Amino acid sequence: MHSAISLSLSSPSPIARSSAVNDTCPSPPRSLRFCGLRREAFGAGASSAATSLRLTSSDSRSQHSNLNGVFAALKGSSSGFDYDLVIIGAGVGGHGAALHAVEKGLKTAIIEGDVVGGTCVNRGCVPSKALLAVSGRMRELQNEQHMKSFGLQVAAAGYDRQKVADHANNLASKIRGNLTNSMKALGVDILTGFGTILGPQKLKFGKGDSGDKIITAKDIIVATGSVPLVPKGIEVDGKTVITSDHALKLEFVPQWIAIVGSGYIGLEFSDVYTALGSEVTFVEALDQIMPGFDPEIGKLAQRVLVNPRKIDSYTGVFASKITPAKDGKPVQIELIDAKTKEPKETLEVDAALIATGRAPFTKGLGLENINVQTQRGFVPVDERMRVIDANGKFVPHLYCIGDANGKMMLAHAASAQGISVVEQVTGNAHVLNHLSIPAACFTHPEISMVGLTEPQAREKAEKEGFEVSIVKTSFKANTKALAENEGEGMAKLIYRPDNGEILGVHIFGLHAADLIHEASNAIAMGTLIQDIKFAVHAHPTLSEVLDELFKSAKVKLTAPKTVAQAVPV
Amino acid sequence: MASLSFSSSVSSSTPFLRPSAFLLSSRSARLPLVRAKIREIFMPALSSTMTEGKIVSWVKSEGDVLSKGEPVVVVESDKADMDVETFYDGILAAIVVNEGETAPVGAAIGLLAETEAEIAEARAKAAAQSPAAPPPVVEEPAPVAPKAEAPAPVAAATPGKLVATPFAKKLAKQHKVDISKLVGTGPFGRVTPEDVEKAAGIAPAPKANVSPAAAPVSPAAASPPKTAASYPEIPGAKVVPFTTMQAAVSRNMIESLAVPTFRVGYPIATDALDALYKKVKAKGVTMTALLAKAAAMALVQHPEVNATCKDGKSFTYNSSVNIAVAVAMDDGLITPVLQDADKLDLYLLSKKWKELVEKARAKQLQPQEYNSGTFTLSNLGMFGVDRFDAILPPGQGAIMAVGASKPTVVADKEGFFTVKNQMLVNVTADHRIIYGADLAAFLQTFAKIVQNPESLTM
C-alpha cells in the first residue's frame, strides 16, 4: 500500500473544487459523524434538497470569491495568529487540505521544502501513469493476435526511450503547475523551506539557518509524506540499483531487471518494463507474489499479468545484499530464506528496482519539541488524525495526515484525511471512513478494490456473527469489454446477505480503476445492495459489470424496509 | 459452491450444465480385464456453445488425494472460468492436459486413480495419451511418490552457477529443453531466450515479444533472412506489413533457396480425362481431385518422388501419399492436404477436398491439414496459363505445376496432323534425391494414367 504509484489525481482547479462547496451548504450532512452521507440523512426530502443544492452552489461561489478578496486585503487571521492553518508539506494531502481550508474561510499557508506536488505528482502516481500509458499502448501494438482480431495490421512497434521519459516528466511538471496555480489563485501562501514545529501552534520555516522565519498558527497539519524504503544491505547507486524515484526518469531500459517487492509499485513497474522489452524477476519476501490483494484477484492477476509475460519470481526470500553493477560485473543480489535466514541463491541481473515500500519522512520536523515519538517512523494519530504524544495525550491543534501517519498510504487518502481535519477545525465533527477509500493498480488490465478482502470479511463475520456472501461477474459477459476484445477480467462483491451491506468490491479488468467508484461511493454513502441494484447504467458500458454484480447479489430481506422514512441522526 | 455463483453472469443467456455431471466416466467398463479403477477426468461442457476449453489452472497437483465435490481444475470456456469438481474420491494420478493448454470437450484432461497402487498404471496410460512430445529426459525415480507440480521458480538447482533469464526459463519449460545443458551466449554468459530457442530448433521470433503464430505452410526452421538492402524510396508508396500467413509464405520461399532444384516438363493429352470429367462431374468430382488422384497413383509407383530430403544426407521415404494442393486466398496462399490420396476413391477425395477448401476459407484448417503434404499440386490452368514453374516448398521432394488444357495441333508417328487437347505439366524437384530420369519416369507414368483415366475411377 504505497501512495507513490497507486493513485491517480484529478487535476485540481479552483472551479472543480468550488463545486464541492455543496457539501457545506445543506445542513444535514454537516451534522453527520461519518463522511459518508447516510441515505437516511436525506430522507424524503432528498429531491428538493437536490434542486436547492444547485441554486446555492452558484451563490456560495460568488460569496466565496468575495471572501478571498477580503482575506487578500486583510492579510491577517481572525484568530490572532499569523495563520488559521499552516500545512507542512505541499503534496496531494496538503493541497487537498489547503483548498478545503480556503473554502471554509481559513487563512492558510503551506510550507514546502522541495517541489509542490510531493511524491505523487513528482515521483509517484503521476509520472508512473505516463509510463503506464505508454506501456499499455506498446503492449497492445505488440499483441499481433489482438490487433488481428480487430482486422488491424501493425508493423513492428518501437519506442524512443528519451521521448517516453520526457512524456512522464512533462506530465509531472504540468500537474505541478496546476497544483501551484490552484493554490495561488485561492490565496494560499506558499512558504518555501523546511518546516519545523517549535511548540504548540508555533513553527519556523526556511533552510534551517539564521534566515528561518517563525510563524504562529491556530492549527497545524503535518503532511510530510514518505520516501522509498531501502532495506539494509542494499546499495542504491541510482543507475543499476534504483528506487521508484529513479525508475520514473527511465534513464535506461535494462534487458533484465529484478524488482524487489511485488506490491503495487513492483507490479506496475513490471508492466512498464516488460512492455518496453525487459525481462523481470520478482523477489518477494512473502510466500506469494502480489500479497495484499484479495487472493482470488491476485490469482487471476498472476495468470494474466505475470505468467504469460517474461517474468519469473522468487518468493519467501529476502534480498539481503544488493551490489550495483561495477568493474564489469552485473548487479548481484544475494537471497536468503525469509524464515530461516539461510543463504539461498545469488542472482545476477542488469538492474534492480527496490519497491519494498515507503518510509515516512519526518526528519527535522521538530517532533521532539512537542514530545511526540514516532512509531516505526510514523506519527501516531487517532481516527481524527489528532497527533498523540509520548504520554498518550493529544498535542493540541496538531494533526498529521497522509503517508506520515501510515494509516493508508495513498494520495487520495491523504487528501481525504486533510479535508476531514479542516472540517474538524472549523467545528464539524468528522471521521473519515477508510473502508470507503478505493485503491487501484494501473497495470494492463487494471486492478482496483475498496473495503475488505474476502479473508478479512470472513474474519470479521466470524467475530461479529454475521453471514458473508460473494458474487462474481466476468468481463467476458460484458458487451463493451468484448467489443474491445478485452474479455479477461472479473468483478467480485463481498456483502452481507442479511442486510445488503457492501463489505468489499474487487475488480480486475479493463478500466477497473475507473469502475471502482460506484462501489466506493456506495460504501461511503451507506447505500445498500437492494437499493443500488435499481440504479440504471448506460448500455453498453463497462459499468454494467458492476450493475450485474449488484443485481446478482441475493439479499434476504427479513426486516421491513425502512427506506422511505427519514430518520434523524 | 463458488463455481455456480460465478456462473450467474452467464447463466442467464445460455442453458447451463452442472460441470460435475460431465466430469468423470469409468474406464473400467471398457477394459474388463483391468480390475483397478482408473477414471478419466474429462473436459466438461460448461455451456451449450462450448466446443473446447482451456485449462486455467489445476487446483490439485498430481498425487493429491481428492474427495467427492472438491474443485480439481479451473476451466476457461468461451464465456467464463469455472471450477470443476470431482464426482469420485481418489488420487489425481496424472495431469494429461497442462495449465494453459486447450482440449476439446470430452477429451481426457487428467486421470484419477482409486488407490495409490494404481498411480503408476495411470501415469503409464497418461504418457500414452499425452499428445505432447515424450517427457523430459529426467525420469522420476519412484513413480509412487507423489510429485508436487510446483511452479518452481528455480529452473535448476545445480551447484555450479547457471544464470538464465526469466523468459529463457519459461521457453525451456515450454519446449522441454534441459536448460542446465545449455551454454549461455548472453551478457555475463547467461542463457538467453535465443539460446533456448536454438536448442529447441525454433527460428528465433522477431524481436518484439509477440507469440509466434502458427505458420500456414510447413513450419520448418531456419534463421530469418538478414534485413534486405535498402532500396531507393519512391514517394507516395504505401507500406503494408505481411499478415502472419504472408510472413510464413515469405519465410518458406527464402528457405526454398537452399534446395537445389531442377524442372522437367511434359505434354499430356487430356481428351480422355476431359471425357471422364464430364461423366463424373455430376457426382461432385472436381478436376483437382482427378489430378490429385492421378498424381497419387503415379507416386505409388515412384516412391522416390514422394520422398523428402531432410538433412542433406538421406532419403526419407514417406509411408503415405499426401497431396498438398495450393489454394489462393484473399491474403495469401495455403496448401490443404489430401491425405492418403492414393487410397481414397475419387468421390471420397472430392468430398474431402470440398471440406478442406471450406475450412481453408474459414481459416479453420488444423496444422496437420496443411503441413503434412508429401507432394504438391499447383494448377493455374483455369486462368489460361499454358505453362509455369513452381517453387518447391521446403520439406517436400517435388511440386507439379499444371497448365491449361488447350486444343493443340499434334503430329503423330505417321505424320498425320490431328487436333488434341493437351496440357503442359512441369515438375520442380529436389535434385539431391530425385534425378532427371526419376522425374521423367514419374511423368511418363502420370501421363499414362491421365491418358487412360479409367483406372482413376476404380
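Name every residue in region A:215-259 that is in a strand (DSSP E or B), away from chain B (no Cβ under 14 Å) and not β-branched (Val, Ile, Thr), in order of residue number.
From region A:215-259, those in a strand (DSSP E or B) are A:215-222, A:226-228, A:234, A:241-243, A:256-259; that's our starting set.
Restricting the remaining residues to those that are away from chain B (no Cβ under 14 Å) gives A:215-222, A:226-228, A:234, A:241-243.
A:ALA217, A:LYS218, A:ASP219, A:SER226, A:PRO228, listed by residue number.
Which ones in region A:405-427 are of a type outside the set (A, V, I, L, M), within 19 Å of A:PRO380 (Cα to Cα) and in contact with a helix residue (DSSP H, G or I) (Cβ under 8 Å, 6 or more places away or on another chain)?
A:ASN405, A:LYS407, A:SER415, A:GLN417, A:GLY418
Quick one: which residue in A:ALA319, A:ALA285 is over 15 Å from A:SER135 (Cα atoms) and within 26 Å of the chain's Cα centre (by Cα)?
Numbers: A:ALA319 fails: within 26 Å of the chain's Cα centre (by Cα).
On inspection, the qualifying residue turns out to be A:ALA285.
Out of region A:318-328, which residues are within 20 Å of A:TYR264 (Cβ to Cβ) and open to solvent by less than 60 Å² (accessible area, probe 1.4 Å)? Talk me through it step by step, then tell me what you get.
Of all residues in region A:318-328, those within 20 Å of A:TYR264 (Cβ to Cβ) come to A:318-319.
Residue satisfying the conditions is A:ALA319 alone.
Among the residues that make up region B:235-246, is at least one of them open to solvent by less than 30 Å² (accessible area, probe 1.4 Å), in contact with a strand residue (DSSP E or B) (Cβ under 8 Å, 6 or more places away or on another chain) and within 14 Å of chain A (Cβ to nearest Cβ)?
Yes, some residue in region B:235-246 is open to solvent by less than 30 Å² (accessible area, probe 1.4 Å), in contact with a strand residue (DSSP E or B) (Cβ under 8 Å, 6 or more places away or on another chain) and within 14 Å of chain A (Cβ to nearest Cβ).
Anything in region A:154-196 that is surrounded by fewer than 14 Cβ atoms within 10 Å (Cβ to Cβ) and within 14 Å of another protein chain (Cβ to nearest Cβ)? List them, or say none.
Result: A:ALA155, A:ALA156, A:GLY158.
Name, by its number, the condition in (1) open to solvent by 80 Å² or more (accessible area, probe 1.4 Å); (2) at pLDDT below 65 that does not hold for B:SER211.
Going through (1) open to solvent by 80 Å² or more (accessible area, probe 1.4 Å); (2) at pLDDT below 65 one by one, B:SER211 breaks only (1).
Inspect all residues belonging to region A:458-469 and state whether any of them is over 21 Å from the mean Cα position of the chain (by Cα), open to solvent by less than 20 Å² (accessible area, probe 1.4 Å) and among the basic types (Lys, Arg).
Scanning region A:458-469 turns up no residue that is over 21 Å from the mean Cα position of the chain (by Cα), open to solvent by less than 20 Å² (accessible area, probe 1.4 Å) and among the basic types (Lys, Arg).
Take region A:366-388 and flag every residue that is open to solvent by 30 Å² or more (accessible area, probe 1.4 Å), touching a helix residue (DSSP H, G or I) at 6+ places or on another chain (Cβ under 9 Å) and more than 12 Å from A:VAL222 (Cα to Cα).
Once the filter is applied, which keeps residues that are open to solvent by 30 Å² or more (accessible area, probe 1.4 Å), touching a helix residue (DSSP H, G or I) at 6+ places or on another chain (Cβ under 9 Å) and more than 12 Å from A:VAL222 (Cα to Cα), region A:366-388 yields A:GLN373, A:THR374, A:GLU383, A:ARG384.
Which residue out of B:LEU276, B:LEU333, B:LEU299, B:LEU290 is farther than 25 Å from B:ALA437 by Cβ and either touching a Phe, Trp or Tyr at 6+ places or on another chain (Cβ under 9 Å) or polar (S, T, N, Q) (or both)?
Numbers: B:LEU276 fails: either touching a Phe, Trp or Tyr at 6+ places or on another chain (Cβ under 9 Å) or polar (S, T, N, Q) (or both); B:LEU333 fails: either touching a Phe, Trp or Tyr at 6+ places or on another chain (Cβ under 9 Å) or polar (S, T, N, Q) (or both); B:LEU299 fails: farther than 25 Å from B:ALA437 by Cβ.
None of the other options fit; the residue is B:LEU290.
Could you list, ordered by first residue, the pairs with Cβ atoms under 7 Å in which the first is in region B:57-74 and closer than 20 Å to B:THR115 by Cβ and the second is surrounded by fewer than 18 Cβ atoms within 10 Å (Cβ to Cβ) and of a type in the set (Lys, Arg), at least 6 apart or interchain?
B:GLU62/B:LYS147; B:GLY63/B:LYS147
Among the residues of region A:416-443, count how many are assigned to a helix (DSSP H, G or I) and open to solvent by less than 20 Å² (accessible area, probe 1.4 Å).
Number satisfying all stated conditions: 6.
A:ALA404 passes all but one of (1) within 30 Å of A:PHE282 (Cα to Cα); (2) in contact with a Lys or Arg (Cβ under 7 Å, 6 or more places away or on another chain); which number fails?
In the conditions (1) within 30 Å of A:PHE282 (Cα to Cα); (2) in contact with a Lys or Arg (Cβ under 7 Å, 6 or more places away or on another chain), A:ALA404 misses (2) alone.
When the residues of region B:357-388 are narrowed to those that are within 16 Å of the chain's Cα centre (by Cα) and without any contact (Cβ under 8 Å) to a residue 24 or more places away in the chain, which ends up most open to solvent (accessible area, probe 1.4 Å)?
Going through the qualifying residues, I end up with B:LYS363.
Please go through region A:329-365 and give me each residue that is surrounded by fewer than 15 Cβ atoms within 10 Å (Cβ to Cβ) and in contact with a helix residue (DSSP H, G or I) (Cβ under 9 Å, 6 or more places away or on another chain), ordered by number.
Passing the criteria: only A:LYS329.
Looking at region A:453-492 only, could you name the residues that are closer than 22 Å to A:ALA513 by Cβ, within 9 Å of chain B (Cβ to nearest Cβ) and among the polar types (S, T, N, Q)?
Scanning region A:453-492 gives A:THR473, A:SER474, A:ASN478.
Go through the residues of region A:123-141 one by one and say whether even a single one is open to solvent by 60 Å² or more (accessible area, probe 1.4 Å), farther than 14 Å from A:PHE442 by Cα and within 14 Å of chain B (Cβ to nearest Cβ).
Scanning region A:123-141, I find at least one residue that is open to solvent by 60 Å² or more (accessible area, probe 1.4 Å), farther than 14 Å from A:PHE442 by Cα and within 14 Å of chain B (Cβ to nearest Cβ), so the answer is yes.
Go through region B:401-429 and give me each residue that's of a type in the set (Ser, Thr, Tyr) and either open to solvent by 60 Å² or more (accessible area, probe 1.4 Å) or assigned to a strand (DSSP E or B) (or both).
B:THR408, B:THR418, B:THR428
Quick one: count up the residues across region A:390-399 that are surrounded by fewer than 17 Cβ atoms within 10 Å (Cβ to Cβ), outside any loop (DSSP other than H, G, I, E, B) and not hydrophobic (A, V, I, L, M, F, W, C).
1
Which residue is least open to solvent (accessible area, probe 1.4 Å), if the candidates are limited to region A:263-316 and must be within 13 Å of chain B (Cβ to nearest Cβ) and on the phi > 0 side of the Ramachandran plot?
Among residues in region A:263-316 that are within 13 Å of chain B (Cβ to nearest Cβ) and on the phi > 0 side of the Ramachandran plot, the one least open to solvent (accessible area, probe 1.4 Å) is A:GLY316.
Determine whether region B:150-173 contains at least one residue that is outside any helix (DSSP H, G or I), at pLDDT below 85 and away from chain A (no Cβ under 14 Å).
no
Given region B:296-397, what strands (runs of 3 or more DSSP E) lie entirely inside it while holding 3 or more residues that are under 20 Å from B:ARG251 (Cα atoms)? Show your work before the answer.
On the way: elements: B:323-325, B:327-329, B:332-334, B:375-379.
Answer list for region B:296-397: B:327-329, B:332-334, B:375-379.
Hey, could you check region B:85-105 for residues that are open to solvent by less than 20 Å² (accessible area, probe 1.4 Å) and modelled with pLDDT under 80 and say which is farthest from the other protein chains (Cβ to nearest Cβ)?
B:THR86
Do we find that B:ALA108 is more than 30 Å from A:ASN485 (Cβ to Cβ), without any contact (Cβ under 8 Å) to a residue 40 or more places away in the chain, buried (at least 19 other Cβ atoms within 10 Å of the Cβ) and of a type outside the set (S, T, N, Q) in this structure?
Here the answer is no, as B:ALA108 does not meet what is asked.
The values are calculated or read from the model by the stated rules, or taken from the named source; none is laboratory data. Fair warning: this is a prediction, and the values are worked out from it, not measured in the lab. Because the Cβ atoms are built from the backbone with ideal geometry, glycine has one as well, and the counts that use them run over all protein chains shown. To get the accessible areas, we keep the full protein, side chains included, count just its heavy atoms, and leave off ligands, DNA and RNA. Shrake-Rupley method; radii C 1.70, N 1.55, O 1.52, S 1.80 Å.
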